[in-house]
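K.L.:
I am attaching a structure below and will ask some questions about it afterwards.
The values are calculated or read from the model by the stated rules, or taken from the named source; none is laboratory data. Everything quoted here is computed from the prediction, not taken from an experiment. Cβ sites come from the backbone with ideal geometry, for glycine too, and all protein chains shown count toward neighbours.
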Amino acid sequence: MPIFNFDNIKISGMACAMPSNITKTESFKDIFSAEEVDKFMLMTGITETRRTSKYQTASDLGYVAAEKLLQHKNIDRNEIGALVFGTHSPDYRRPGSSSIVHKRLGLSIDTAVFDISLGCSAFVYGIQTVASMMNSSDIKKALLIIGDTTGKTTNPIDRASIMLIGESSVAILLEKTNDASPIISLVRSDGNGYRYLIVPGGAYRNIDASHENEICHDGIERNLHNSIMQGTSVFTFTISDIPKLMKDFWALTNTSVDDYDCYAFHQANLYILQQIAKKLKIPADKMPLTLSKYGNTSGASPIVTLCDTFGNVEGKELNTLFCAFGVGLSWGAFSAKINTSDILPIIEDDSVFEEGIIRSMKEL
Amino acid sequence: MQNRIIEILDSIRPDVDFANEKKLIDDGLLDSFDIVSIISELNDEYNISIRVTELKPENFNSVEAILNLVEKLKASN
């Protein structure tokens with residue numbers, strides 16, 4: 001069982017950037033029936049989301065969050081030994097978005113830089129990956145960036161997803177220290193569910209996939225370049241496998257629901273989180289929710305939630321249990337002590353890395 | 001058990017005639033939130049775990065089909 005224990009690594013900072021553009025869920029009553037939109041809001045808890053502009057990417061937001069974090073923590077950039085970016089919304093098919101952020105942050109060439117191809121679970125896998133690298137190297141400080149702009153691949157008439165998606169990126173600073181509380185991480189996967197959340201076309205399996213809309217099994221029109229979620233399968237996986245993961249985590253760590261101050265969960269939707277909390281007897285006041293304001297922001301969502309909830313709270317130590325789950329299927333949890341002074345409030349930013357927009361081969 | 005299952009279904013979708021409908025999924029009477037709500041309630045009520053592999057229309061088209069699924073999973077527990 002892939003359980004990891006890191007005794008000398010601390011999460012010493014986190015920041016979140018999101019676009020200022022707000023989409024009200026109510027506005028979808030112009031496209032879908034009022035009854036449908038009202039039921040969606042009731043079940044998911046989402047009343048508004050944030051969306052990037054055409055050329056703004058997850059790396060733009062990730063850069064802003066990381067830059068703010070480095071400045072706030074007064075970090076010498078030459079000390080950053082690793083930069084890992086977890087995303088399913090890269091700027092290009094290649095290179096990875098981590099390379100773009102590496103350049104923009106002005107980090108040293110003595111930095112391990114790569115992307116992780118994951119969505120909603122990217123944060124728990126990212127922490128496990130970066131902490132493992134630090135544990136087996138002389139890296140003292142590292143940055144993990146997580147972010148997605150899933151709205152760009154969601155068909156605008158996909159009533160199953162278009163109202164759900166929010167866009168954001170987060171940056172997390174990890175530091176090696178002798179006085180850290182352990183980070184304990186447990187991750188799982190089931191490739192049998194690879195079709196449950198998928199963009200089937202445009203990559204190397206079907207590079208010339210059609211852009212024509214087709215009627216899908218659920219009666220919704222999409223094309224092969226769109227995100228497709230088999231909602232019932234994903235929800236069913238979540239309400240059975242996530243409670244099991246949490247119970248296994250508590251058993252493996254000799255802890256229980258009462259041992260944690262905060263449950264920072266992937267903000268999938270309100271109904272799912274309420275079901276999980278009910279099954280695990282997690283008190284509502286220990287599970288912060290930000291779905292109403294930001295929707296489902298994919299892998300960034302646990303940090304979006306902490307930045308929104310604790311971004312202006314000073315000096316409170318939270319024994320936090322993080323949990324995230326989604327595309328792959330993949331899911332995981334990890335525990336860490338977080339000081340709220342290390343959590344920055346949410347940053348709004350609409351800037352675009354203009355140099356990165358390559359409109360013609362002549363520009364290269 | 002059948003009456004209890006109908007009670008559970010009624011609590012989730014009181015507008016559907018569960019006792020008589022035989023094509024709950026095929027006729028689109030239940031959406032994904034309904035199905036997941038039903039699964040969650042059945043899991044809790046009967047201490048079973050309905051997995052993704054059981055998500056077939058034939059398992060949820062009628063009360064009888066749902067009853068068969070629950071009995072099968074209880075027996076395999």
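K.L.:
State all residues of segment A:214-243 that are farther than 12 Å from residue A:158 by Cα and more than 9 Å from chain B (Cβ to nearest Cβ); if no residue qualifies, say none.
P.N.:
A:217, A:224, A:225, A:242, A:243
K.L.:
A follow-up question, please. Let me spell it out: the conditions are (1) farther than 19 Å from residue A:151 by Cβ; (2) in contact with a helix residue (DSSP H, G or I) (Cβ under 6 Å, 6 or more places away or on another chain); (3) not acidic (Asp, Glu), and residue A:25 meets all of them except one. Which number is the exception?
P.N.:
Only one criterion is unmet by residue A:25, namely (1).
K.L.:
Any idea which of A:108, A:98, A:89 is in a helix (DSSP H, G or I), hydroxyl-bearing (Ser, Thr, Tyr) and either touching a helix residue (DSSP H, G or I) at 6+ places or on another chain (Cβ under 6 Å) or at pLDDT 95 or above (or both)?
P.N.:
Going through A:108, A:98, A:89 in turn, just one is in a helix (DSSP H, G or I), hydroxyl-bearing (Ser, Thr, Tyr) and either touching a helix residue (DSSP H, G or I) at 6+ places or on another chain (Cβ under 6 Å) or at pLDDT 95 or above (or both): A:98.
K.L.:
Take the conditions free of Cβ contacts under 8 Å to residues at least 40 places away in the same chain and not hydroxyl-bearing (Ser, Thr, Tyr) and apply them to residue B:5. Does it pass? Explain how you work it out, then say what you get.
P.N.:
Working: free of Cβ contacts under 8 Å to residues at least 40 places away in the same chain: no; not hydroxyl-bearing (Ser, Thr, Tyr): yes.
No.
K.L.:
When segment A:43-68 is examined, which residues are found to be assigned to a helix (DSSP H, G or I), at pLDDT 95 or above and over 17 Å from the mean Cα position of the chain (by Cα)? Don't jump to the end; show me each part of the working.
P.N.:
Going residue by residue through segment A:43-68, those that are assigned to a helix (DSSP H, G or I) are A:43-44, A:58-68.
With at pLDDT 95 or above added as a condition, the list becomes A:58-68.
If the condition is that a residue be assigned to a helix (DSSP H, G or I), at pLDDT 95 or above and over 17 Å from the mean Cα position of the chain (by Cα), then A:67, A:68 are the ones that fit.
K.L.:
Regarding segment B:44-66, can at least one residue be identified that is among the aromatic types (Phe, Trp, Tyr) and more than 8 Å from chain A (Cβ to nearest Cβ)?
P.N.:
Checked against the condition, which is being among the aromatic types (Phe, Trp, Tyr) and more than 8 Å from chain A (Cβ to nearest Cβ), segment B:44-66 yields at least one hit.
K.L.:
On the given criteria, is residue A:195 within 14 Å of chain B (Cβ to nearest Cβ) and surrounded by fewer than 24 Cβ atoms within 10 Å (Cβ to Cβ)?
P.N.:
Yes: the conditions hold for residue A:195.
K.L.:
So which residues in segment B:8-30 are within 22 Å of residue A:39 (Cβ to Cβ) and either in contact (Cβ under 8 Å) with a residue 40 or more places away in the chain or outside any loop (DSSP other than H, G, I, E, B) (or both)?
P.N.:
B:8, B:9, B:10, B:11, B:12, B:18, B:21
K.L.:
To continue, here is another question. Taking the options B:10, B:17, name whichever one is over 30 Å from residue A:191 (Cβ atoms), of a type outside the set (Lys, Arg) and surrounded by 13 or more Cβ atoms within 10 Å (Cβ to Cβ).
P.N.:
So the residue among B:10, B:17 that is over 30 Å from residue A:191 (Cβ atoms), of a type outside the set (Lys, Arg) and surrounded by 13 or more Cβ atoms within 10 Å (Cβ to Cβ) is B:10.
K.L.:
Shifting gears a bit: Looking only at segment A:266-290, filter to residues that are in contact with a Pro (Cβ under 7 Å, 6 or more places away or on another chain) and in a helix (DSSP H, G or I); which one of those is farthest from the other protein chains (Cβ to nearest Cβ)? Let's see the steps before the verdict.
P.N.:
So the first thing to find is which residues in segment A:266-290 are in contact with a Pro (Cβ under 7 Å, 6 or more places away or on another chain), and the list is A:266, A:276, A:279-280.
Then keep just the ones that are in a helix (DSSP H, G or I); that gives A:276, A:279-280.
Numbers: A:276: 10, A:279: 7, A:280: 12 Å.
Ranking the candidates gives A:280 first.
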